[in-house]
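The values are calculated or read from the model by the stated rules, or taken from the named source; none is laboratory data. Fair warning: this is a prediction, and the values are worked out from it, not measured in the lab. Here the Cβ positions follow ideal geometry from the backbone for every residue, glycine too, while neighbour counts run over all protein chains shown.
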Amino acid sequence: MKMRNVVMAASVLLAGSLGTAAAEDRFVTIGTGGQTGVYYVVGQSICKLVNRGGAKTGIKCTAPSTGGSVANLNAIRSGDQNMGVAQSDQQYNALNGKGAFEQQGPWSDLRAVFGVHPELFTVVARADAGIKTFEDLKGKRVNIGNPGSGQRATMDVIMGIKGWDNDTFKLTSELKSSEQAQALCDNKIDAMVFVVGHPSGSIQEATSSCEAVVVPVNGDDIKALVESKPYYAMGKVPGGMYAGTDADVETFGVVATFVSSTASSEDVIYNVVKAVFDNFDRFKALHPAFANLEKEKMLKDGLSAPLHDGAVKYFKEKGLM
């Protein structure tokens, strides 16, 4: 009898420890971006929908503010995050070991989950800074973005094709996206760059708190860059969206993508995708940048890494692929 009790107690302890381990596996973290950017809203919105069904799935989701695309991809690769939001160009670079990921080499375990909204490389300048074109940034005080952010990575690409370096500017700052609007209006910088979906809270803050304008990014070298890369496309910031900019402004951009890796289970990714796509209208209502999303496009636009098995399972069930 004593032996039986010992065996039963051991079984209970083992079951308890396995249950705890299983429960711990259901806590997921989504990397986002600055709190005034759309990436933060993407992560928070996904978590909101996932957590609504948490009692059934057992999944609990958090989406803290992070350094952005490159930081998120690195964190997923190292196991510090389960999922994250990243620009389509940085997804491509991480998969192929290029750009900011050259030292780490190709990452074959990277998986796409779905695309989200288009993002445009957007330059905002003080109205009194005399900046009418991207070339006018030379000799000015410019925030090029914090290391690890998608905006910084994209700015580095543009500076590279133009043959610019930090000395091209009078002052180079590396502020996070959440800090740059205030710096612009405090006259600490003349211009800021941002890769973001529109409307953007950060750009609305800058253009409503002080006189600022959106600057076009559309020279021949930019158009050649877009033609040479599958993850870029030309686009326009709509006129009238921001104070001080009445006409459409041409620029180029990428797609915000939601990514994970093979380390995340098929079941977890399936349930995360299900939470979003089964509540698609609710998701689209959570931010104006989501208003024109189409399910079919979200399965292909900006996705260079293979789709995660969990996403494939859901999309096939719903006849989307």
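Please state which one of 109, 80, 89 is assigned by TED's automatic domain parsing to the domain that holds residue 266, modelled with pLDDT under 95 and under 30 Å from residue 266 (Cβ atoms). Before the answer, list the steps.
Values: 109 fails: modelled with pLDDT under 95; 80 fails: modelled with pLDDT under 95.
Only one candidate passes the filter, namely 89.
Name the helices (runs of 4 or more DSSP H) wholly within the range 202-295 that hold at least 2 residues that are assigned by TED's automatic domain parsing to the domain that holds residue 189 and touching a strand residue (DSSP E or B) at 6+ places or on another chain (Cβ under 7 Å)? Passing ranges, in order: 220-228. Of all residues in the range 280-316, exactly one satisfies the criterion of being surrounded by fewer than 13 Cβ atoms within 10 Å (Cβ to Cβ), touching a helix residue (DSSP H, G or I) at 6+ places or on another chain (Cβ under 9 Å) and not aliphatic (A, V, I, L, M), namely 292. For beta carbons closer than 6 Å, sequence separation of 6+ or different chains, a first residue in the range 157-175 that is of a type in the set (A, V, I, L, M, F, W, C) and a second that is crowded, with 16+ Cβ neighbours inside 10 Å and in a helix (DSSP H, G or I), the qualifying pairs are 161/225; 175/183.
Of the residues that sit in the range 85-106 and are farther than 20 Å from residue 121 by Cα and surrounded by 17 or more Cβ atoms within 10 Å (Cβ to Cβ), which one is farthest from the chain's Cα centre (by Cα)? Of everything passing the filter in the range 85-106, 96 is farthest from the chain's Cα centre (by Cα).
Residue-wise test of (1) of a type in the set (A, V, I, L, M); (2) surrounded by fewer than 17 Cβ atoms within 10 Å (Cβ to Cβ); (3) part of a helix (DSSP H, G or I).
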| site | (1), (2), (3) |
| --- | --- |
| 151 | no, no, yes |
| 154 | no, no, yes |
| 161 | yes, yes, yes |
| 179 | no, no, yes |
| 184 | yes, no, yes |
| 187 | no, yes, no |
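Has the range 208-221 got at least one residue that is among the hydrophobic types (A, V, I, L, M, F, W, C), at pLDDT 95 or above and loosely packed, with under 15 Cβ neighbours inside 10 Å? No, the range 208-221 has no match at all.
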